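The values are calculated or read from the model by the stated rules, or taken from the named source; none is laboratory data. Predicted model, so just to flag it, every value in this text is computed and none were measured. Quick reminder, even Gly has a Cβ in these numbers, built from the backbone with ideal geometry, and neighbours come from all protein chains shown.
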Amino acid sequence: MNFGKILTALVVVGVVVAGFVYFKNNKSAFQPEQTNTTETNNSDMTPPSSTEEAPVPASAIATVTTNLGSFQVTLDGTSAPKTVANFIKLSKEGFYNNLTFHRIVQDFVIQGGDPAGDGTGGPGYTVPAEIKLKHTTGAIAMARTSDAVNPTKASSGSQFYIALEPLPALDGQYTVFGYVTAGMEVIAKIAATPTEPNPATGEQSTPLVPVTIKSVTIEEK
């Protein structure tokens, strides 16, 4: 029996297991960032004044209708008033209509709201960070550019993501502004969409078939 080969095999198995454990416990390595090339990086540039002056409901229901079904999100206007006001404004204007979930990372997030469809787009402004809520399963939060160019952690003007499982490593880093309260089975269906590597990043996240947002309607409470 070749004990050298057995020892080598055991070392390889150990490395593989350790890598798996590291991945499971370090989801922050896969950040829901915006790959920003067309939207300003100026974190001081905020939404139009009409958004800031509009009354913000303490709670509102956003119904997101996709080609795979509908789900509902309860928006928290108390914890993230500027973010919620902006999301409501864009939804009512039809901004999200016909956009896609351009990024799907199984067991992590689904991300959408980019008019460019590749993680680089937005409405042309950012929203100040409102970091209070936790990344539990079904949390909806705003993507953003990296700390290197965005030290204030200002949010993308339109790109959002939904957590597919608890992601405590992202707490304190991104603005969560609500939670999915109905239709998690639709979220799971979207998350199960087959993907291929993103040609720009190599990440296994680009849907092979489009998942399209048909509309986002708002019911204010």
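Does residue 94 qualify as being in contact with a strand residue (DSSP E or B) (Cβ under 8 Å, 6 or more places away or on another chain), assigned by TED's automatic domain parsing to the domain that holds residue 126, more than 20 Å from residue 174 (Cα to Cα) and among the small types (Gly, Ala, Ser)? For residue 94, the condition - in contact with a strand residue (DSSP E or B) (Cβ under 8 Å, 6 or more places away or on another chain), assigned by TED's automatic domain parsing to the domain that holds residue 126, more than 20 Å from residue 174 (Cα to Cα) and among the small types (Gly, Ala, Ser) - is met. Does residue 219 satisfy the criteria of being free of Cβ contacts under 8 Å to residues at least 40 places away in the same chain and assigned to a strand (DSSP E or B)? Against the criterion (free of Cβ contacts under 8 Å to residues at least 40 places away in the same chain and assigned to a strand (DSSP E or B)), residue 219 does not qualify.
Any residue at all in region 173-188 that's aromatic (Phe, Trp, Tyr), assigned to a loop (DSSP other than H, G, I, E, B) and under 19 Å from residue 83 (Cα atoms)? Reasoning before the result, please.
So the first thing to find is which residues in region 173-188 are aromatic (Phe, Trp, Tyr), and the list is 174, 177, 179.
Applying the additional criterion that residues be assigned to a loop (DSSP other than H, G, I, E, B) yields 174.
From what's left, under 19 Å from residue 83 (Cα atoms): 174.
Yes, because at least one residue in region 173-188 is aromatic (Phe, Trp, Tyr), assigned to a loop (DSSP other than H, G, I, E, B) and under 19 Å from residue 83 (Cα atoms).
Given the criteria crowded, with 19+ Cβ neighbours inside 10 Å, modelled with pLDDT of 95 or more and not in a loop (DSSP other than H, G, I, E, B), does residue 91 qualify? It is true that residue 91 is crowded, with 19+ Cβ neighbours inside 10 Å, modelled with pLDDT of 95 or more and not in a loop (DSSP other than H, G, I, E, B).
For residue 209, indicate whether it is among the hydrophobic types (A, V, I, L, M, F, W, C), assigned to a helix (DSSP H, G or I) and in the same structural domain as residue 70 (by TED's automatic domain parsing). Even if it seems obvious, please write down each step before you answer.
Working: among the hydrophobic types (A, V, I, L, M, F, W, C): yes; assigned to a helix (DSSP H, G or I): no; in the same structural domain as residue 70 (by TED's automatic domain parsing): yes.
It is false that residue 209 is among the hydrophobic types (A, V, I, L, M, F, W, C), assigned to a helix (DSSP H, G or I) and in the same structural domain as residue 70 (by TED's automatic domain parsing).
For region 83-91, does any single residue satisfy the condition of being within 20 Å of residue 214 (Cβ to Cβ), among the hydrophobic types (A, V, I, L, M, F, W, C) and over 15 Å from the mean Cα position of the chain (by Cα)?
Going through region 83-91, the residues within 20 Å of residue 214 (Cβ to Cβ) turn out to be 87-91.
Now narrow it down to the ones that are among the hydrophobic types (A, V, I, L, M, F, W, C): 87-88, 90.
Checking the rest, the ones that are also over 15 Å from the mean Cα position of the chain (by Cα) come to 88, 90.
Yes, region 83-91 contains at least one residue that is within 20 Å of residue 214 (Cβ to Cβ), among the hydrophobic types (A, V, I, L, M, F, W, C) and over 15 Å from the mean Cα position of the chain (by Cα).
Contact annotation: residue pairs with Cβ atoms under 8 Å, 6 or more positions apart or on different chains, pairing a residue in region 176-191 that is in the same structural domain as residue 74 (by TED's automatic domain parsing) with a partner that is crowded, with 18+ Cβ neighbours inside 10 Å and assigned to a helix (DSSP H, G or I), are 177/83; 177/84; 177/87; 178/84; 180/187.
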